[in-house]
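Worksheet for the structure shown next.
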Amino acid sequence: MTRENERERAHHPAGIDPRDNAREKALVVQAADDASLPAAEQAANATGAPLARDAAEGARARVILRASSEGLALEGDGMTLRQDFTRMLPRLKPGRLRGELLVKAARLKGPSEGAGPLVVDATAGLGEDALLLAAAGFRVRLFERNAVIALMLQDALRRAASDPALASIVARMEFSPGDSTRELPRMSPAPDVVYLDPMFPERTKSAAVKKKFQLLHHLEQPCDDEEELLAAAFAARPRKVVVKRPPKGPWLAGKKPSHSIEGKAVRYDCYVLPR
């Protein structure tokens, strides 16, 4: 595949080459029942994926985005992935949050303007890292360019907003449409931190994470333009850029960080920018 075709594939609304969809129905949207049909139709319109009207049509797809009373879920390869932030509640307790490496990496010295430090999560995915940051007191603006993942993220945020245990946390999270590489240089005022988690190969033996990445890899591939992503983060003029990497992985775009915070399963490279 040429680089031009790779870019076309990455920026298709569903993250999938439309020619693949025509051949083998790479992704379809389906309602679990009649009551969920309006939500399925909205998801199909938002992602550009076809709406499967019966079980036979859904069975021919590699991945199904299914709408139900429980929310949106990806189904494929015998697996189901639905984002549910309640699973993260044990990690959101103050004692646990203080030990989170990401929270340590994003922490700033000195005062911040406004209601608290603003983090832009430029590659939000399903929003788990953003939730940790919001629980730690940051305001978080989330970008996710893949339309399917973005829709699942917004669905999870809506459900969490009605949960008393999560409502005050997700109130600090704001989803923004668009590609962060275009939006970051235009941001005003400048964010305090830009956080990047470009997708990289599986970094743990956890079965749950394997399931998540196997399904997401059907939709979105690892970052193919590291220089553009990092340059956009710097162009936003933050006080700090934080990049998630595999423990022994190379620096993003080959750029040496100011310092790193390392754990067994992940490393956070921190770039402190002059003000």
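The values are calculated or read from the model by the stated rules, or taken from the named source; none is laboratory data. Please read all numbers here as calculations on a predicted model, not as lab measurements. FYI the Cβ positions are ideal-geometry reconstructions off the backbone, even for glycines, and counts take in every protein chain you see. Only protein heavy atoms, including side chains, enter the accessible area calculation; ligands, DNA and RNA are left aside. Shrake-Rupley method; radii C 1.70, N 1.55, O 1.52, S 1.80 Å.
A few points about this structure:
- Looking across segment 222-275 at every residue that is of a type in the set (D, E) and open to solvent by 20 Å² or more (accessible area, probe 1.4 Å), the one that is modelled with the lowest pLDDT is identified as D224.
Condition check ((1) modelled with pLDDT of 95 or more; (2) out of contact with any strand residue (DSSP E or B) (no Cβ under 9 Å at 6 or more places or on another chain); (3) among the aliphatic types (A, V, I, L, M); (4) within 23 Å of L126 (Cβ to Cβ)) across all residues:
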| position | (1), (2), (3), (4) |
| --- | --- |
| A22 | no, yes, yes, no |
| L27 | no, no, yes, yes |
| S36 | yes, no, no, yes |
| E41 | yes, no, no, yes |
| A44 | yes, no, yes, yes |
| R53 | no, no, no, no |
| A61 | no, no, yes, yes |
| L65 | yes, no, yes, yes |
| G71 | yes, yes, no, yes |
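Condition check ((1) surrounded by fewer than 17 Cβ atoms within 10 Å (Cβ to Cβ); (2) within 19 Å of the chain's Cα centre (by Cα); (3) within 21 Å of L133 (Cα to Cα)) across all residues:
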{"site": "N45", "(1), (2), (3)": "yes, no, no"}
{"site": "A49", "(1), (2), (3)": "no, no, no"}
{"site": "R53", "(1), (2), (3)": "yes, no, no"}
{"site": "A61", "(1), (2), (3)": "no, no, no"}
{"site": "R91", "(1), (2), (3)": "yes, yes, yes"}
{"site": "G95", "(1), (2), (3)": "yes, no, yes"}
{"site": "E100", "(1), (2), (3)": "no, yes, yes"}
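- When residues of segment 119-152 are limited to those that are in a loop (DSSP other than H, G, I, E, B) and small (G, A, S), the one surrounded by the fewest Cβ atoms within 10 Å (Cβ to Cβ): G137
- Among the residues examined, R172 does not qualify as touching a Gly at 6+ places or on another chain (Cβ under 9 Å), closer than 24 Å to A49 by Cα and either surrounded by fewer than 21 Cβ atoms within 10 Å (Cβ to Cβ) or of a type in the set (K, R) (or both).
- Matching residues in segment 31-42 - criterion: being surrounded by 15 or more Cβ atoms within 10 Å (Cβ to Cβ) and within 14 Å of E70 (Cβ to Cβ): A31, A32, S36, A39, A40
- Residues that are in a loop (DSSP other than H, G, I, E, B), in contact (Cβ under 8 Å) with a residue 24 or more places away in the chain and touching a helix residue (DSSP H, G or I) at 6+ places or on another chain (Cβ under 7 Å) are absent from segment 175-187.
- Segment 222-264, subset outside any helix (DSSP H, G or I) and of a type in the set (G, A, S), residue nearest to P117 (Cα to Cα): A236
- A count restricted to segment 188-207 and to residues that are touching a Pro at 6+ places or on another chain (Cβ under 6 Å) and at pLDDT below 50 stands at 1.
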